[in-house]
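The structure appears below as structure tokens.
Please treat every number below as a calculation from the coordinates, not as lab data. Since this is a predicted model, take the numbers as computed values, not measurements. Every residue, glycine among them, receives a Cβ derived from its backbone with ideal geometry; neighbour counts consider all protein chains shown.
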Amino acid sequence: YQISFTAAAINAARSEGSTDNLPKEPYTPQISELSLNYTATVSINLISNAATNNVTAFTNRADQFFHVQPFGVAEVHPFIVKAAPFITLFPTFNDEGSLYIGVKDLSVPRNLSVLFKVAEGSADPDLPKQTVDWSFLVNNEWVTFPKGNVINDFTNGLITSGIITFTVPRTATNNNTILTTGYNWIRASVTTNARAICDMIDIRTQAVNAVFADNGNDPEHLAVSLPANTIKGLVNSESDIAKVLQPYSSFGGRKKESSEAYSVRVSERLRHKNRAIMIWDYERIVLEDFPEIYKVKCLNHTRYVSVNDIKEISPGHVSLVIVSNLQNKNAVNPLKPKTSLYTLTKIHDLVKKLNPPAAELFVKNPIYEEIVVHFNVRFLPGFDPGFYQNQLNTDIIAFLAPWAYGSTNITFGLSIHASVIINFIEEREYVDFLACFQMDQVTTTNGTLKNIEEAIPTTSASILTSAVGHFINVLETDDCECDDNEVKHIEFGTEDCPCDVEEEKKPFVFGIGTMVVADNFIVGNGLPINNDGIGSMDVGNDFEVH
């Protein structure tokens, strides 16, 4: 256009012609939208190389690489992360479980005493004891405490409540970014089996043990613990101590032995002579030295082949089955109470010194076998099905595991018939009838025994207990179709008909109250029976229900 316009203007000037023939300005379009496609790449070298200078590479870096962790972020670079052999794309956590403790206003180096209040008994005693690794945070890196810096550990690896004293090194920092800035951080971690560690209730710093000083006090005061928050200060005030707290009740006290208890203890000692020879000896020695234990069962010629299996023909082996006291226990499963691994180990160490050297000793928890029931039920009018379905489940649990509710004690070797459970359910004031009843027994070695008439412990170390939940189907009507719920009328053989004949009847609902004599309440013909009433009849003999 510029060239054409210039040429036309020159010609018009020479010929003194009109300028109307000059070329018009070209059309100039306007862009309404513009899209660009491009690719950008950057390379960040995160490989530590002795041949290169990591300091120079870190100083001259144009880009930064960060790890986003659960509680913060941190830049990673070979110059920063010196402990790791290489840097991963995502942060890695090699421990199954970790506990993080942040301490504010801590001047390092400093000794730090920490009280750990745990739910004793909450650890899984069937798992092996785990080693707790302690470390502290230095510039976003975890550094293991040097040997000797964990001065003492009265928690036995976070198994019992107690105090742990640390010496926090001077290198500990409080300007970290992977956790809250302004705190010095300490970490407890276990590589595997974190359930072997007790649940944590409380953690407090500046903790010390206070020991009772007898100044002629009444010895009966040791019958109960000193309640929490009783101690509120020092006898002689110290200006450096602003406040004294007693967050929990006292422990370890034992009142003076009564004359009756003394007589029993001496008599038992004279009998077993502090030697574990007979079954009675094993049980009394453990109960005397461990008051927190409720019951001990000694099994001779028995050994544990696994946590939940025993071999009952094993000469030279002795097994102690320990049942812990449920009182004052935290986080213990009341349906399956188990003694902590720490206590089991102490019992083993004690008895091992007193029993014959040739006898191999096992100290274990009972083997619990669950009872699960399935049935249909109809409630009486006026009883809310939603509420009483849960209530019935709770009542069945209390019936099968009464020790969980403090009404009776744990007993080995007890069996239970399905008819007993049926009768218990029928006696509930809110139950109209039940049907399609089935009882299962969950064992550790033989799987689930389904639809059994009687639940019997499979081993001498087994205890029957209730499942947490039972399968209860609430009926809205009186109709219930049960494929397996049939009544059979058995006609016994005679001279004319030597064969026994079974005649199937229609499905029915359970309970004596719903039965009809000569229909589904059958008394066998031809058998000698007592005419004194139902109380004199025998199930399976002259009282037949199928």
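A few comments on the model shown:
- Separation of the alpha carbons by more than 26 angstrom is noted, of 311/346; 297/346; 147/364; 147/338; 129/273; 147/353, for 147/364; 147/338; 129/273; 147/353.
- Full extension of the segment from residue 201 to residue 352, taken as 0.36 nm per residue of separation minus the current Cα-Cα distance, would add 51.0 nm.
- Distance between modelled label sites at residue 242 and residue 33, nm, 7 Å Cα→Cβ extension: 6.5
- Additional length obtainable on full extension of the chain from residue 374 to residue 110, 0.36 nm per residue less Cα span: 88.9 nm
- Label-to-label distance, residue 59 versus residue 269, with points set 7 angstrom from Cα along the beta-carbon direction: 7.7 nm.
- For peptides 398-404, 118-124, sequence by mean Cβ density within 10 Å, most packed first: 118-124, 398-404
- Counted charge near residue 67, where neighbours are those whose Cβ lies closer than 14 Å (Asp, Glu -1; Lys, Arg +1): -2
- Least to most buried among 414, 449, 34 (fewest other Cβ within 10 Å first): 34, 414, 449
- Where the alpha-carbon atoms of the range 93-205 are placed on the principal axes, they occupy 40, 27, 25 Å, in descending order.
- In terms of other Cβ atoms within 10 Å, 462, 319, 415 run from fewest to most in the order 415, 462, 319.
- Fraction in percent of alpha-carbon pairs per bin - 10 Å, the range 269-323: 24, 48, 26, 2
- Other residues lying with their Cβ under 14 Å from the Cβ of residue 381 contribute a combined charge of -4, Lys and Arg counting +1, Asp and Glu -1.
- The order of 368, 183, going from fewest to most other C-beta atoms within 10 Å of their C-beta, is 183, 368.
- FRET efficiency for residue 430 and residue 86, using Cβ-Cβ distance with R0 set to 51 Å, rounded to 0.05: 0.15
- Three-way shape call for the range 332-439 based on the alpha-carbon gyration tensor, with the a/c threshold at 1.5: prolate
- Overall form of the range 331-389 per C-alpha gyration tensor (a/c, 1.5; a/b vs b/c): prolate
- Peptides 277-283, 262-268, 437-443 ranked from most to least packed give 437-443, 277-283, 262-268, packing being the mean of other C-beta atoms within 10 angstrom over each peptide's residues.
- Once both labels are positioned 7 Å from their Cα atoms along Cα-to-Cβ, the gap between residue 414 and residue 453 label points is 2.3 nm.
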